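The values are calculated or read from the model by the stated rules, or taken from the named source; none is laboratory data. Computed from a predicted structure; not experimentally measured. A quick note on method: Cβ atoms are made from the backbone with ideal geometry, for glycine too, and the neighbour counts reach across all protein chains shown. Ligands, DNA and RNA are stripped out before the accessible areas are found, and what is left, the full protein with its side chains, is counted by its heavy atoms. Shrake-Rupley method; radii C 1.70, N 1.55, O 1.52, S 1.80 Å.
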Amino acid sequence: MYSNIILPKQWSRFTCFCRSLSSIEGQKLPQSSKSSDGISPPPRIPRSPTDILQALAATVGADPTAAHYKYHDDPYLIPLSNFRKRAYALSAEAGRKAAAWIRDEHAEWFTTREWDPPGKMKTPYFNADPIIDAFAPRPIYNDESKVTEEDLKKTIEHALLDDSIKIFQLLGGVEGVTDNNLKLSFLQLLCFYNEKEPDSLEWLEERWFSANTKDRHAATWKLGGLADKIFASLEQKTPEAYCTVIQGMAKHYQAERAYMLCQEAIEHGIPLSTSVFNTLLGCIGFLKEGTALRIETLKQLLAQMEELGLSPNEETLTSCLRSISAWGGGKVLQKMAQQILSEFRQLGIQPGLSAYYYLLCLFCKERGPRIDILSNILTDLENREKLIPKETTDTNFFITAMGICSDHLQDIDMAERLHALLMKDDNYKLVGDAYKESIYYRHFVTVACRHASFERKTQLLDTLVPNVYVPEPSVMEEIIKTLEVAGAGDRLTQAWSQLVIFGIANRTRLVERLLSAMCSCYEFQTNDIKVKIRDAASEILKFGKLTEEDGKNNNNDRRSPQKRLSADAITNIIELCSDVKDKSDPAWDTISEGLQRLKQTEATGVPTKPQVLADLAQKAASMGKLGIAATALQYLAECGFEEASPASVDTLAVILNRPQQEVETMLQQRSDIERALHPSALAVLDAYYMAKTGAPTRDSGSSTSSDSDSESSSDDE
Amino acid sequence: MSLIIKHCRSNGITSSFNLRIWRLNSTSMDVAAKKGEEEEEFRVLDILKKRDKVQKKVARRNDVQPDRADRMAVDQNWGNVWPGPKTFHPSSVPLPIRQGYVPKGQAPPGKKANAELMKIPNFLHLTPPVVKAQCEAIKQYCTEWPKLLNSEEAIEKHYPVEVITSDYCHASPSIRNPLARIVTLRVKLATLNLDKHARDKFLRLVGDRYDEKTDLVTITADRCPARKQNLDYVDYLLTACYHESLNVEEWEKDKTEDDMEYYDWDKNASKKSLVQWYLRMKNENVDLKDEQFIEYDISQIPNAESYKNAVSSLMNDGENESTVNNYAKEVRALLGLPEKLVV
């Protein structure tokens, strides 16, 4: 899952080259693996030291139930939310960092032989055999260190920028170092990194989780810096020096000086390389203003390349398209890009992933017309034997393409094709980093939720969530919507536990959405799923209470006040829970709890479905839960709903077991009916009169069961 | 620490069929607790009569997911779930395993929180399908087995020299193990095609490195620090012994009957006595010289051949019941005495 595309070091290209050479030598030679005479052993099939391991690793596929292998395989330690994933992985790396710090801080502890008597050791000795340089302490250079040009060479080789600058200064700066080749390689290092120490390659997790550090498109080149000084001090300015400096400037957007130097070099007849022009093509936008001028300069530069007899390569195409895509949209630029692409095709240069990325950026604008160039691109890429990453921007392709599938084209088939391409071989490394991966899946899941078949959706969600991807709240809402449409009650209850696990259960909007989804598909479910849904509903209510108590306990930590569930949501919970046949069902506790919340105005707003509460009152009365019925009716009356008085009449009819008309006549005489009623049902009567008159007729201190309930619960708090 | 012993036929054929791996005991010492020396501590006076603190209920985290074993599909590829060797973990293994000692009549403890299951090495990563898949994966690096080497005998015939070395895997900073330098070379003596004299000399040179039962000469070298050197050294030793045994030195002619490594009937007094006895029986008084005795053809003497064998085996193999009985039988046959009577 880690991105293997690491290109910040120059020598990495060289090692890559060496590797490909060795593989040519090792693998592809035709040979017979048969013994010549039937007795003597056949010639050995050559292989690299890791070939067997790679062959064995290829037999292991993905396990959808397991987390990434960097995490411990233990339910307590498997991270299920994005926050935990990040925290766990980075904590592990922090441990490694601490170890490295101790190693560098106390280098002397790591060079002693255990059995040497103290003071007797003559030469530094490493216990390890063979010695692994990456594990050995790094030398530290300060003002007192005695350094030679050898040290400088070594630090340049290992791309230790700060150390090499320090050594360079210790050696006497520009005048001190006499070896021109060494100066040149130092210049190359400085130009490549713009005199800034690069992020260490050692910390994989940090790179994986580093929030998308977008390249700053600004002139960051240090004018008059060490690189400029070294270049100026070179008595004999070789072509390599020119190429290095121009590329460095162009890479860090010091376009004008790079362009000037380039023209100067051409005037002096100094040969330049293709990559110099590639970088110059990439920063035309910093050189000229206006589309027409820019296009002209682009054409000029390409013509100049032809004059100098330089053949363009894949990078030339990429940088042309990169420049064009950065200049905005419009027909002119799109046409220009198509021209360039077809011309390069004629030259036999196939666009890479980066080139396609820039093309997508240029053609598929958010508000522009729908242009389907992606299908052709995908056909081309699918036909390629292998996708070889060449530039760091290659990792942008998949995320952008998926975004286009989801927003621009809204085409699930295209998304599936793209995903299949990503999963092919080891293309997954092109997904980029954690941030890009999650955006990729956000687009993918969204488009799947909207357009895929239900089976495909559930299958996709089962494999992706939560080990590969944890849905963000917006995606979760999309998922809940889909489940509601499909009427999958079982999955809706699972969605609740997922909300809790992913740490987004306190998003009130989501929970409300989930509850209304549960309500709308409740009646179509089988009985055991209905039970599950009821349980989930009461869990939701309990969870809300728990988090509130949490918030009260550590008030200081809370930055924003806890949002409460709306009255609608609570009515939904009540509606779900009231569908029980048994008097002793625990769901009644949930209902009374919910009613208390409504009554104490702990919920925002008023319910939009008061009929639910009216029905509840009747049902509760028939079950003998007079307290609950009374509370519901009182709430309705207090809120001034019209349903309050007919509901009270109905409820009384149920309690007294008489027809409605009779009850209504009885209600004319308050004292009559008061006598006929059980004391706990008097509250229902109150509700009725309150609904009629709009004011409470009796003291609220009456000893109804519901009131005593509310008192005890308020005592608890 | 694990140990891989490589067993190969010399001349470059490395046969993986003899590769063996042993896992050795970990080197950590078991410190035996001395029970007898446990000191009894003084009781502490509890003045305040503090009550034992009631253990606080630890709140269970509500976001712990159920075991992933529950979610596994029945047709999953187990190799993906458990790709490499690791300690047993109950939540990843969908098997109702039990392990542990319990008094009679009780069930052994289940897989959860079971240290017994974690202690023992498991082979969950080496299920037959996985082994098959891995073998298929590395087949591309295997060469074809030579066709004519289709039996043990053929291998022994074409590759008579065996070289045995051991490789070690450690968890330590160094990958070196001094024991890896030891090289053992084995060869069947018969395959050297030595004549009688050379064989005798060779055996005297190698001493107790020869095993009569298996006819194997085993040469082990560990004197040099590197395996390569030891390998060269055993090769050198075998070559030197072979050529030395083929040489015949001047002083070897001084070998007397006492120096013989085995009993040669033809050269011994027994034959002389037999011949003399035979001649006297025929009343031929011939005075024979020693050489003539040795060259005398005993085939004309009845039963002499088997007598010779009986005497030789008695002298060479040592006295035991069968050789002595055999000798008695042959003597009776030779002298024309009746068979031994069963009394």
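So B:Asp195 clears everything in (1) open to solvent by 50 Å² or more (accessible area, probe 1.4 Å); (2) at pLDDT below 90 except one condition, right? Which one?
Result: B:Asp195 fails condition (2) only.
Just to be sure, is A:Pro30 open to solvent by 60 Å² or more (accessible area, probe 1.4 Å) and at pLDDT below 85?
Spelling it out, A:Pro30 is indeed open to solvent by 60 Å² or more (accessible area, probe 1.4 Å) and at pLDDT below 85.
Test A:Ile246 against the stated conditions and say whether it is part of a helix (DSSP H, G or I) and open to solvent by less than 50 Å² (accessible area, probe 1.4 Å).
Numbers: part of a helix (DSSP H, G or I): yes; open to solvent by less than 50 Å² (accessible area, probe 1.4 Å): yes.
Yes: the conditions hold for A:Ile246.
Would a scan of segment A:671-682 turn up a residue that is free of Cβ contacts under 8 Å to residues at least 12 places away in the same chain and within 27 Å of A:Met518 (Cβ to Cβ)?
Taking every residue of segment A:671-682 in turn, none turns out to be free of Cβ contacts under 8 Å to residues at least 12 places away in the same chain and within 27 Å of A:Met518 (Cβ to Cβ).
Among the residues of segment A:418-433, is any touching a residue at least 60 places away in the same chain (Cβ under 8 Å), open to solvent by 30 Å² or more (accessible area, probe 1.4 Å), within 30 Å of A:Ala58 (Cα to Cα) and of a type in the set (Phe, Trp, Tyr)?
Checking segment A:418-433: at least one residue is touching a residue at least 60 places away in the same chain (Cβ under 8 Å), open to solvent by 30 Å² or more (accessible area, probe 1.4 Å), within 30 Å of A:Ala58 (Cα to Cα) and of a type in the set (Phe, Trp, Tyr).
With of a type in the set (A, V, I, L, M), part of a loop (DSSP other than H, G, I, E, B) and either open to solvent by less than 40 Å² (accessible area, probe 1.4 Å) or under 22 Å from A:Thr693 (Cα atoms) (or both) as the only criterion, which of A:Val612, A:Val606, A:Val663, A:Val649 stands out?
Exactly one of A:Val612, A:Val606, A:Val663, A:Val649 is of a type in the set (A, V, I, L, M), part of a loop (DSSP other than H, G, I, E, B) and either open to solvent by less than 40 Å² (accessible area, probe 1.4 Å) or under 22 Å from A:Thr693 (Cα atoms) (or both), namely A:Val606.
Would you mention how many residues in segment A:328-376 are open to solvent by less than 30 Å² (accessible area, probe 1.4 Å), more than 16 Å from A:Ile295 (Cβ to Cβ) and part of a helix (DSSP H, G or I)?
Adding up the residues that qualify gives 10.
Give segment A:33-86 a look and list any residue that's more than 8 Å from chain B (Cβ to nearest Cβ), open to solvent by 90 Å² or more (accessible area, probe 1.4 Å) and not polar (S, T, N, Q), or say none.
Passing the criteria: A:Pro49, A:Leu53, A:Tyr69, A:His72, A:Phe83, A:Arg86.
Quick one: would you say A:Leu293 is in a helix (DSSP H, G or I) and either surrounded by 14 or more Cβ atoms within 10 Å (Cβ to Cβ) or at positive phi (or both)? Reasoning before the result, please.
Working: in a helix (DSSP H, G or I): yes; either surrounded by 14 or more Cβ atoms within 10 Å (Cβ to Cβ) or at positive phi (or both): no.
In short, no.
When you scan segment B:93-172 for helices (runs of 4 or more DSSP H) that lie fully inside it, which ones turn up with 1 or more residues that are exposed (fewer than 13 other Cβ atoms within 10 Å of the Cβ) and more than 14 Å from chain A (Cβ to nearest Cβ)?
Those helices (runs of 4 or more DSSP H) span B:115-119, B:152-158.
If I ask for residues that are under 22 Å from A:Ser592 (Cβ atoms) and either open to solvent by 30 Å² or more (accessible area, probe 1.4 Å) or of a type in the set (A, V, I, L, M, F, W, C) (or both), which ones from segment A:635-646 would you list?
Residues of segment A:635-646 under 22 Å from A:Ser592 (Cβ atoms): A:635-639, A:641, A:643-644.
Passing the criteria: A:Leu636, A:Ala637, A:Glu638, A:Cys639, A:Phe641, A:Glu643, A:Ala644.
Does A:Ala603 satisfy the condition of being without any contact (Cβ under 8 Å) to a residue 40 or more places away in the chain and either of a type outside the set (Asp, Glu) or touching a strand residue (DSSP E or B) at 6+ places or on another chain (Cβ under 6 Å) (or both)?
When the stated conditions are applied, A:Ala603 passes them.
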